[in-house]
Amino acid sequence: MEVGIAEKAGNAAGVKTSTAVECERQTFTTRRGRGGMARDLTQIRDKARKESELCFTSIYHYVADEDNLRASYRDLEPGKAPGIDGVTKEGYGEDLESNIPDLAQRLARLGYRPAPVLRAYIPKPGSDKKRPLGIPTVSA
């Protein structure tokens with residue numbers, strides 16, 4: 001068994017603590033492009049249930065995958081309010097074939113920084129109070 005040390009953020013006293021995590025040397029990684037993200041994530045879930053001692057490395061490559069970014073774009077509901085930059089789904093889609101590779105590259109090199117969320121307040125039913133609502137951008 002291999003033991004890894006996971007650093008936690010500071011606790012109330014501001015002291016960093018460490019937790020030992022035991023895991024097998026064997027890891028499971030998925031391959032891109034085999035049946036799409038949903039199917040691969042289902043396979044990961046099934047593998048995790050069957051082999052509880054298995055350590056997973058990373059599934060971040062799904063985040064930066066252009067096909068998954070296109071699928072995520074298609075799943076956005078049209079006509080929703082734009083975020084702080086004022087760009088709608090339709091506006092972002094006008095240049096989708098250059099926007100997707102650019103976003104994928106920024107995600108892959110960890111250079112993506114999300115834009116601030118537009119804050120709006122909507123009334124609570126049966127009350128004079130309002131609750132905050134965050135409206136994200138389509139992409140920064």
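The values are calculated or read from the model by the stated rules, or taken from the named source; none is laboratory data. Note that this is a predicted model, so its numbers are computed, not measured. Cβ: placed from backbone, ideal geometry, glycine included. Neighbour counts: every protein chain shown.
Test Leu107 against the criterion of being touching a residue at least 40 places away in the same chain (Cβ under 8 Å) and surrounded by 14 or more Cβ atoms within 10 Å (Cβ to Cβ), and give yes or no. Talk me through it step by step, then tell me what you get.
Values: touching a residue at least 40 places away in the same chain (Cβ under 8 Å): yes; surrounded by 14 or more Cβ atoms within 10 Å (Cβ to Cβ): yes.
In short, yes.
Here are Gly35, Gly83, Gly93, Gly14: which of them is surrounded by 10 or more Cβ atoms within 10 Å (Cβ to Cβ) and at pLDDT below 75?
Working: Gly83 fails: at pLDDT below 75; Gly93 fails: at pLDDT below 75; Gly14 fails: surrounded by 10 or more Cβ atoms within 10 Å (Cβ to Cβ).
Every option except Gly35 fails the conditions.
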